[in-house]
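Heads up: the structure comes next, in structure tokens.
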Amino acid sequence: MKQKPANWLLAIVLGFGIFTIATSAVLVRLCNQAAGIESTGFSLAISALRLVMASGLCLPLWRGMRSEKLAGGGWKLAIGAGVALAIHFSFWITSISYTSIAAATTLVTTNPLWVALIVWVWQGKKPSKLTGTGIVVAMVGSVLIALGGDRGSGADSLPWLGNLLALMGAWMASIYLILGQQAQQRGLSLAHYTVIVYTTGAICLLPLPPLLGTSYTGHPVDVYLYIGLMAVLPQAMGHTAMNWAVHWTSPTLVALAVLCEPIGATILAYFAFREMPAPIVFVGAIIVLVGIAIATALPNFIADRRAE
């Protein structure tokens, strides 16, 4: 049994992962603008190519797969996580065509509520009072961010649809996080878990765009460049960092930390598209950070004081 990393190392890895994940929404919007297309089929094509490229980066990880002990059903859970990830991307990347980056990233990171509820029902692990309080506070901040964000440039006139798709993406991301923790706790290494998840997601998504009349070829070079950056930054780096962290700590706490993503994405959206959120967004961002502190830092501080 490997020794649990220090809390400061967990914080650094999670922070780096969240920063890279925050680039995802901006890259999707840039991809849509470069192609001049905003459709469900094109969103699915972006999702599929992102996972195909990420799977390609993970090809060396297939080495030793046969020799690894796969007992305990870890690989089955990883396949399930891959399916959940594919559905998550389908919903969330499509949502950016209909609503603002601030709203889409905020609603898709409402995972803490859904993770806590799923873990409570599935595993009987009732969240502590501090964690519950932190979730509520952070969720209030997230709602304020969503209410304060306009649709931004290039979005269609169906923000309610984009918000709903982002919320559905959050549900699937919650299942993805929980299955990821279970798969690794049953003996599947992070490397082999990652390659199974990304490959499964790519296989699930690849057939869908052609069925909707969208081609993978013929788009401007910039489109493939932005998708390649998605595969490297938010996918290979961000999601892998998150999967590593969830092996060592609660998926609820990881999901809470990911609530920082809308803050980073909103800042990046301002510089990339001049999407200036209303003042209520900044108030919501502060409330989100307070909620995260209540749910994560405060319990650790209390535990350290009791141990002295």
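Once the Cα gyration tensor of the chain is diagonalised, what are the square roots of 5 times its eigenvalues, in whole Å and ordered largest first, as equivalent ellipsoid semi-axes? Let's see the in-between values first.
Values: eigenvalues 169, 135, 48 Å².
Listed largest to smallest, the semi-axes of the chain are 29, 26, 15 Å.
How big is the accessible area of MET242 in square angstrom, nearest 10, if you roll a 1.4 angstrom probe over the protein chains?
Its heavy atoms expose roughly 20 Å² to the probe.
Lys pairs in the chain, Cα-Cα under 27 Å, at least 8 apart or on separate chains: how many?
Counting lysine pairs in the chain gives 11.
Select from THR217, THR20, THR109 the residue whose mean-square fluctuation is largest in a Gaussian network model of the chain (Cα-Cα springs shorter than 10 Å).
THR217
Whole-Hz ³J(HN,Hα) for each residue in the stretch 239-246, computed from phi via Karplus 6.51 cos²θ - 1.76 cosθ + 1.60 with θ = phi - 60°, x for glycine and proline: what do you get?
Each residue of the stretch 239-246 in turn: 5, 5, 4, 5, 5, 5, 5, 5 Hz.
Report CYS58's accessible area, 1.4 Å probe, all protein chains in place, as a number in Å² to the nearest 10.
Looks like 10 Å² after rounding.
Provide the per-residue ³J(HN,Hα) series for the stretch 277-291, in order, calculated from phi with Karplus coefficients 6.51, -1.76, 1.60 and θ = phi - 60°, each as a whole number of Hz, with x at glycine and proline positions.
x, 5, x, 4, 5, 5, 4, x, 4, 5, 5, 4, 5, 4, x
Hey, if we sort LEU107, LEU147 by accessible area with the 1.4 Å probe, largest down, what's the order? List each step's numbers first, then the result.
Numbers: LEU107 35, LEU147 130 Å².
Descending order: LEU147, LEU107.
Could you compute how fast the stretch 68-211 diffuses translationally, taking Rh as the Kirkwood radius over C-alpha pairs and applying Stokes-Einstein at 20 °C with viscosity 1.002 mPa s? Give it in µm² per second.
Numbers: Rh = 16.3 Å.
The Stokes-Einstein estimate is 131 µm²/s.
Taking Cα atoms of the stretch 236-293, Rg/Rh with Kirkwood Rh, to two decimals?
1.06
Calculate, for the chain, the solvent-accessible area per residue in square angstrom, rolling a 1.4 angstrom probe over the heavy atoms of the protein chains. The partial results should precede the final answer.
Working: 13620 Å² over 308 residues.
Normalised by residue count, the accessible surface of the chain is 44 Å².
Running a GNM on the chain with Cα contacts under 10 Å, which residue among THR240, THR110, THR99 ends up with the highest mean-square fluctuation?
Judging by the Gaussian network model, the answer is THR240.
Which whole-Hz couplings ³J(HN,Hα) result when phi for each residue of the stretch 45-57 is put into the Karplus expression 6.51 cos²θ - 1.76 cosθ + 1.60, θ = phi - 60°, listed in order with x for Gly and Pro?
5, 4, 4, 5, 5, 4, 6, 4, 5, 5, 5, x, 5
The values are calculated or read from the model by the stated rules, or taken from the named source; none is laboratory data. Everything numeric in this text was worked out from a predicted model, so none of it was measured. Surface areas here come from the heavy atoms of the whole protein model, side chains and all, with no ligands, DNA or RNA. Shrake-Rupley method; radii C 1.70, N 1.55, O 1.52, S 1.80 Å.
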